[in-house]
1. Out of the range 245-273, which residues are in a helix (DSSP H, G or I), surrounded by fewer than 23 Cβ atoms within 10 Å (Cβ to Cβ) and of a type in the set (A, V, I, L, M, F, W, C)?
2. On the phi > 0 side of the Ramachandran plot and not in a helix (DSSP H, G or I) - does that describe any residue in the range 225-240?
3. Look through the range 27-50, keep the residues that are open to solvent by 60 Å² or more (accessible area, probe 1.4 Å) and outside any loop (DSSP other than H, G, I, E, B), and return whichever of them is modelled with the highest pLDDT.
4. Restricted to the range 150-166, and to residues that are of a type in the set (A, V, I, L, M, F, W, C) and assigned to a helix (DSSP H, G or I), which residue is surrounded by the fewest Cβ atoms within 10 Å (Cβ to Cβ)?
5. Is it the case that some residue within the range 141-152 is of a type in the set (A, V, I, L, M), without any contact (Cβ under 8 Å) to a residue 40 or more places away in the chain and on the phi > 0 side of the Ramachandran plot?
6. Checking the condition touching an Asp or Glu at 6+ places or on another chain (Cβ under 7 Å), within 21 Å of Met22 (Cα to Cα) and modelled with pLDDT of 95 or more, which residue from Ala186, Ala208 passes?
7. Pairs please, first residue from the range 84-100 and among the charged types (D, E, K, R), second anywhere and assigned to a helix (DSSP H, G or I), Cβ atoms under 8 Å, 6+ apart in sequence or on different chains.
Amino acid sequence: MAERLKRSELVGELSAEFLGTMILILFGCGVVAQVVAGGALTDPAGGLGDHDSIAWAWGLGVTLGVYTAARLSGAHINPAVTLALAAFKGFPWSKVAPYALAQTAGAFVAALLVRWNYSEALAKADPGHTIKTQGVFSTLPANGNTNLPVYEWGAFRDQVIGTAILLLLVMAVTDLLNTPPGANLAPFIIGLIVVAIGMAWGTNAGYAINPARDFGPRLASFLTGYGGAWRDQYGNFYFWVPIVGPLIGGLLGAFMYKFFIGRFLPSAEPELPGRVPTPER
């Protein structure tokens, strides 16, 4: 009975991770499709278009995905988060791989929906389904711009730094022993963190900062006509960069928070100003 209950709980957690990540990608890849495909149809120069709208939609996608999944699974919606929580917050190691698979599956299904919904616009903007619109689904060094000399290792560095910032701040915002946001606002603040990272760290590698966010849509695009999905604009194998970089960066950011902040915090949750004391019984 206990084993069946435990299995049922895990299924619920994985369902939440699947749907939460799906929500994230529906908004994230959806806004890039709107800007890239729609922009190419109205502007012959094409290009990424409005970067700020992309950053805001990704951040809101994170917020809404976290609100969707938080009660059941904690809403990691990112394998880098899951790995870091296992390493530094006691999350069960046995759940790391299942969570990552559920997150990647959610991203994959969402990307297929975006691909289907924008099929006419993408076909018109880029009939060959080339690198021109590959960025709708997965990241590229310098966002596919050959005028900016960023290659695999420069993008790898960028992904390590960007994801380290993400995990350091996620750890700070969700640590009850620190000063977390009240009134269930943590998902909103985490979304703002992603917006800020997108605005400050979006040039070199498109701020994937999430292996599932990149690999799931990359696989979906490959299976639906983007034969060059695994390579960058220079023809080099690139798909590993937004997988390995965020996993390393997430561990680094979580370690930095624990080393510089976490180990100095009190061992019990402090009374917040204005909180009504609970009478002892």
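The values are calculated or read from the model by the stated rules, or taken from the named source; none is laboratory data. This structure is a prediction, so every number in the text was calculated from the model and none was measured. We place every Cβ from the backbone using ideal geometry, glycine too, and count neighbours over all the protein chains shown. Note: accessible area is taken over every heavy atom of the protein model, side chains too, but ligands, DNA and RNA are not part of it. Shrake-Rupley method; radii C 1.70, N 1.55, O 1.52, S 1.80 Å.
1. Correct list: Leu247, Ile248, Leu251, Leu252, Phe255, Met256, Phe259, Phe260, Phe264.
2. The answer is yes; a qualifying residue exists.
3. Per the stated criteria, the residue is Phe27.
4. Only one residue tops the list, namely Trp153.
5. No, the range 141-152 contains no residue that is of a type in the set (A, V, I, L, M), without any contact (Cβ under 8 Å) to a residue 40 or more places away in the chain and on the phi > 0 side of the Ramachandran plot.
6. Testing whether each residue is touching an Asp or Glu at 6+ places or on another chain (Cβ under 7 Å), within 21 Å of Met22 (Cα to Cα) and modelled with pLDDT of 95 or more leaves just Ala208.
7. Lys89/Met171; Lys89/Ala254; Lys95/Leu10; Lys95/Glu13; Lys95/Thr82; Lys95/Ala86
This table checks each residue for (1) open to solvent by less than 10 Å² (accessible area, probe 1.4 Å); (2) in contact with a Pro (Cβ under 9 Å, 6 or more places away or on another chain).
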| residue | (1), (2) |
| --- | --- |
| Leu169 | no, no |
| Thr174 | no, yes |
| Ala183 | no, no |
| Ala186 | no, yes |
| Ile190 | no, no |
| Gly198 | yes, no |
| Ala205 | yes, yes |
| Phe215 | no, yes |
